[in-house]
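To keep things clear, I will list the structure first and then write my remarks on it.
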């Protein structure tokens, strides 16, 4: 009788160990952390025939959750330095970026003016709204420019 009790207690104990181990394995595969990935967004401005000396634009996420983690300058020598931006705007899934150059070697046509590096939080793919505040030539005259973005490779 005592032997049966020991066997039963041993089986119950072994079952509990297996159950606890299985629970830990199951929980190890369930993540409560949201998915996080990083991606650049490249901003292009087309100034047509006009020489671009200054610009200001706003980029914001209309869906999804992003955190802006870096800003790089553009491809043309006139805008290679990181542009100015409003740090307070970074708190609200948006950024306001501006730059100017008083030199004579200025880009014309389509050029990448900035790259914004993002941390994307969650599964939702962000949708962006991009609005050009101003684009101007060296005389301060507004240029009829077009602004667009290209999504970079997500990592």
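Quick note: the coordinates plus some simple rules give every number you see, no bench work behind them. Source: prediction; values computed, not measured. Counting neighbours? That spans all protein chains shown, and the Cβs are built from the backbone with ideal geometry, glycine included.
Over all Cα atoms in the range 36-151, the spread is summed up by Rg and Dmax: 14.1, 46 Å.
Give the calculated FRET efficiency between residue 132 and residue 105 to the nearest 0.05, with a Förster radius of 22 Å applied to their Cβ-Cβ distance.
Details: r = 22 Å, r/R0 = 1.02.
That gives a FRET efficiency of 0.45.
In terms of packing, defined here as the mean over residues of other Cβ atoms within 10 angstrom, the peptides 124-135, 105-116, 67-78 line up highest first as 105-116, 67-78, 124-135.
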